[in-house]
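Read the structure below first, then the notes.
The values are calculated or read from the model by the stated rules, or taken from the named source; none is laboratory data. This is a predicted model, so every value here is computed, not measured. Reconstructed Cβ throughout: ideal geometry from the backbone, glycine too, with neighbour counts over all protein chains shown.
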C-alpha cells in the first residue's frame, strides 16, 4: 500500500529542556535539538539512560514543554498550545505505548481496548467495530475474551498497541516498548510496528535500548547527554 503520510513532517526546532534538581542545580536533559522527521516512518531514538530520548518524546507529544525551542507536528505548533489544548490534541492525534503494558487486570483484552473508546464517547456499534478491527490487526482475534494474566507478555503488549491505535492517531509514541520482552517477542513487536507504518501510514517514534530494532526501523537517531550525535 502506498504510504500517504510520507510528505507530512515533524519539525523539532532548537529544542532544549532544563530541569532543576533538589539542590536547584540545572540539569540539561536536551540541548538544542534540531531535527526534521518524515511522517509515515518508523523512527527510533537510541542512547543510554539519561541521554534524553524519553524527554524528547515527551516534548514532541506535549507531555512535557521545552525550556526553549518549538515542536511543529503536521502543521500544528504544539509547543504553543495551552495545557487544555495540549490534552485535547493528544487525545485526538497521539497514541502511547510504554514498557509496562498498563492493562487493567480485571478486564478482558476486548474491554481494555473498548474502555479507551468509551472515554471518547463513541457509539456502541462504532466501538465494537474498532475493537475487533485492531485486536485482529495485532493478531489477537481469538484472544479477545482473555484477561491479562491469561496472556503472554507479548500478547499483553499487543493489547496495549491495539488500545493505542483504537482512537486512530496520526502519531504513535513508544517508550521502551520491548523492555519487558524476550528477544524473539521483541522482534515480533518491531515487525508489527513496521507493518502498521507501511499499511496504515502512521508515524511511530520509539525510544529504545534494543539493538534488534535497527533491522526494522526507517531511521535511527542517537542521543548522548541531551544532544543528537548520530542520525
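Points worth noting:
Residues checked against (1) in contact (Cβ under 8 Å) with a residue 12 or more places away in the chain; (2) closer than 24 Å to residue 191 by Cβ; (3) in a loop (DSSP other than H, G, I, E, B):
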{"residue": "103", "(1), (2), (3)": "yes, yes, yes"}
{"residue": "117", "(1), (2), (3)": "yes, no, no"}
{"residue": "121", "(1), (2), (3)": "no, no, yes"}
{"residue": "127", "(1), (2), (3)": "yes, no, no"}
{"residue": "131", "(1), (2), (3)": "yes, yes, no"}
{"residue": "135", "(1), (2), (3)": "yes, yes, no"}
{"residue": "139", "(1), (2), (3)": "yes, yes, yes"}
{"residue": "156", "(1), (2), (3)": "yes, yes, no"}
{"residue": "167", "(1), (2), (3)": "yes, yes, yes"}
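- The residue list 140, 103 contains one member that is crowded, with 20+ Cβ neighbours inside 10 Å and more than 19 Å from the chain's Cα centre (by Cα), which is 140.
- Enumeration of residues in the stretch 28-50 that are exposed (fewer than 12 other Cβ atoms within 10 Å of the Cβ) and part of a strand (DSSP E or B): 34, 36
- Single condition residue 12 does not satisfy, out of (1) touching a helix residue (DSSP H, G or I) at 6+ places or on another chain (Cβ under 8 Å); (2) over 15 Å from residue 204 (Cα atoms); (3) modelled with pLDDT under 95: (3)
- Total residues in the stretch 191-222, condition within 14 Å of residue 176 (Cβ to Cβ) and either in contact (Cβ under 8 Å) with a residue 60 or more places away in the chain or out of contact with any strand residue (DSSP E or B) (no Cβ under 9 Å at 6 or more places or on another chain) (or both): 9
- Test for residue 160: is it in a helix (DSSP H, G or I), touching a strand residue (DSSP E or B) at 6+ places or on another chain (Cβ under 7 Å) and within 20 Å of residue 100 (Cβ to Cβ): yes
- Taken over the stretch 176-194, residues that are under 29 Å from residue 126 (Cβ atoms) and surrounded by 21 or more Cβ atoms within 10 Å (Cβ to Cβ) amount to 3.
- Of residues in the stretch 56-75 being free of Cβ contacts under 8 Å to residues at least 60 places away in the same chain and surrounded by 23 or more Cβ atoms within 10 Å (Cβ to Cβ), the one farthest from the chain's Cα centre (by Cα): 66
- Tallying residues that are assigned to a strand (DSSP E or B) and without any contact (Cβ under 8 Å) to a residue 24 or more places away in the chain within the stretch 9-27 yields 4.
To keep it simple, each residue is scored yes or no on (1) modelled with pLDDT under 95; (2) closer than 25 Å to residue 58 by Cβ.
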site: 70; (1), (2): no, yes
site: 74; (1), (2): yes, yes
site: 91; (1), (2): yes, yes
site: 99; (1), (2): yes, yes
site: 107; (1), (2): no, no
site: 122; (1), (2): yes, no
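- In the set (1) under 23 Å from residue 174 (Cβ atoms); (2) out of contact with any strand residue (DSSP E or B) (no Cβ under 8 Å at 6 or more places or on another chain), the condition left unmet by residue 95 is number (2).
- Selection count, the stretch 76-92, where residues are farther than 16 Å from residue 172 by Cα and either touching a residue at least 40 places away in the same chain (Cβ under 8 Å) or crowded, with 19+ Cβ neighbours inside 10 Å (or both): 1
- Note on the stretch 55-82: among residues that are assigned to a strand (DSSP E or B) and in contact with a helix residue (DSSP H, G or I) (Cβ under 9 Å, 6 or more places away or on another chain), the one that is farthest from residue 45 (Cα to Cα) is 76.
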